[in-house]
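> Let me begin by handing over the structure; questions about it come next.
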Amino acid sequence: MSAAESHAEASGPEQKPERKRHWALSFLIELTVIVVMAVVISFVIKTFLLRAFYIPSESMQPTLEVDDRIVVNLLAPGVMDVQRGDVVVFEDTRSWWGGPTPETSPVQDALMFIGLTPDTSSHYVVKRVVGLEGDLVECCDDEERILVNGEPIDEPYLYPDIKPSEATFDVTVPEDHVWLLGDHRAASADSRSHVEEPDQGAVPEEDIIGRTLTIVWPVERWGGGGTDRDPFENVPEPQ
C-alpha cells in the first residue's frame, strides 16, 4: 500500500461528518429560500392579481352560499371593465353592513396579509352589477321585471320564488358609480336600501375590489363566480 493510499484511508472517515453537515445546511438554505419565495409570490398575487374572500350572508343565494370561499380577479375594474351582470366584491366604506368588525387573531392577520387565507379584516360586500354610470334603473314593469334603460331584464340567477324587488325605484346611476343588487332580493340590503342618499344607492367604482372569478370551497361547489352578462346584452346605452 502506498503512502498516498494510506493517507486517503486514514482521512476518509473524518470527512463524512463534514459532508453531512454541509448537506443539512444546504437543505435548510434551500427550504428557507422556497418558503420565502412562496410567501412573496402569494403576497404579489394577493396584491395585484387574485384575492380570496368568504361569503358571510344569504344575500347572493343561490349563486353564492353562506361560507363559500371565492377568488376575486383584482384586474377588474382597471385593466378589465366591470359590466352589467358581473358579481363584484367592494369595500364597505359607507357602513352598509352596520355590524361589528370581525375579530381576528395575529396568525389570521398574518395569513390574510400574505394572501393564504380569505380576507375578513374589514367589511367587504358582494353584489351583482345591474347598472353602470348613466343607466336608468327602474322597478318594475307589468311582469315585475327590473328595467335598465327601458329594457326589461329576465334574471335567471334570482333566488327561486322571489320577486326581483318588492320596493319600487327609479334611479340614474352617477358618473364613476355602479348600482348593485343581491340575487336573493328578500335577504339583501343593497342599492335599493339607499336610494334616498345623495348617490341614490350607487357605489363608487373605486370601492370595487374585483370581480368574482370562481368558488374554491367547498369542493362540491367548485365553479364560476356567478357573473352572467347575457340577461343585459340587449340593454341600450344610456341617453
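> What single numbered condition from (1) under 21 Å from SER59 (Cα atoms); (2) in contact (Cβ under 8 Å) with a residue 12 or more places away in the chain fails to hold for GLU220?
Every condition holds for GLU220 apart from (2).
> Further, regarding this structure: Scanning for something in contact with a strand residue (DSSP E or B) (Cβ under 9 Å, 6 or more places away or on another chain) and closer than 24 Å to ASP67 by Cβ, does the stretch 158-171 turn up at least one residue?
Checking the stretch 158-171: not a single residue is in contact with a strand residue (DSSP E or B) (Cβ under 9 Å, 6 or more places away or on another chain) and closer than 24 Å to ASP67 by Cβ.
> What's the total number of residues in the stretch 159-186 that are of a type in the set (A, V, I, L, M, F, W, C) and under 14 Å from SER59 (Cβ atoms)?
4
> Here is a further query. Name the single residue, out of those in the stretch 200-229 being out of contact with any Pro (no Cβ under 8 Å at 6 or more places or on another chain) and part of a loop (DSSP other than H, G, I, E, B), that is most open to solvent (accessible area, probe 1.4 Å).
Among those that are out of contact with any Pro (no Cβ under 8 Å at 6 or more places or on another chain) and part of a loop (DSSP other than H, G, I, E, B), it is TRP222.
> Related question: Restricting the stretch 52-63 to residues that are touching a Lys or Arg at 6+ places or on another chain (Cβ under 9 Å) and outside any strand (DSSP E or B), which is farthest from HIS123 (Cα to Cα)?
Once the filter is applied, the top-ranked residue is THR63.
> A further question follows. For the stretch 57-68, state whether one or more residues are over 12 Å from the mean Cα position of the chain (by Cα), among the small types (Gly, Ala, Ser), open to solvent by less than 50 Å² (accessible area, probe 1.4 Å) and at pLDDT below 85.
no
> Check LEU158 against each of (1) touching an Asp or Glu at 6+ places or on another chain (Cβ under 8 Å); (2) at pLDDT below 95; (3) under 23 Å from ILE208 (Cα atoms); (4) in a loop (DSSP other than H, G, I, E, B) and name the one condition it does not meet.
Result: LEU158 fails condition (2) only.
The values are calculated or read from the model by the stated rules, or taken from the named source; none is laboratory data. As the structure is a prediction and not an experimental result, all values here were calculated from the model. Don't worry about glycine lacking a Cβ; one is built from the backbone with ideal geometry, like all the others, and counts go over all protein chains shown. When the accessible area is computed, the model is the full protein with side chains, heavy atoms only, and any ligands, DNA or RNA have been set aside. Shrake-Rupley method; radii C 1.70, N 1.55, O 1.52, S 1.80 Å.
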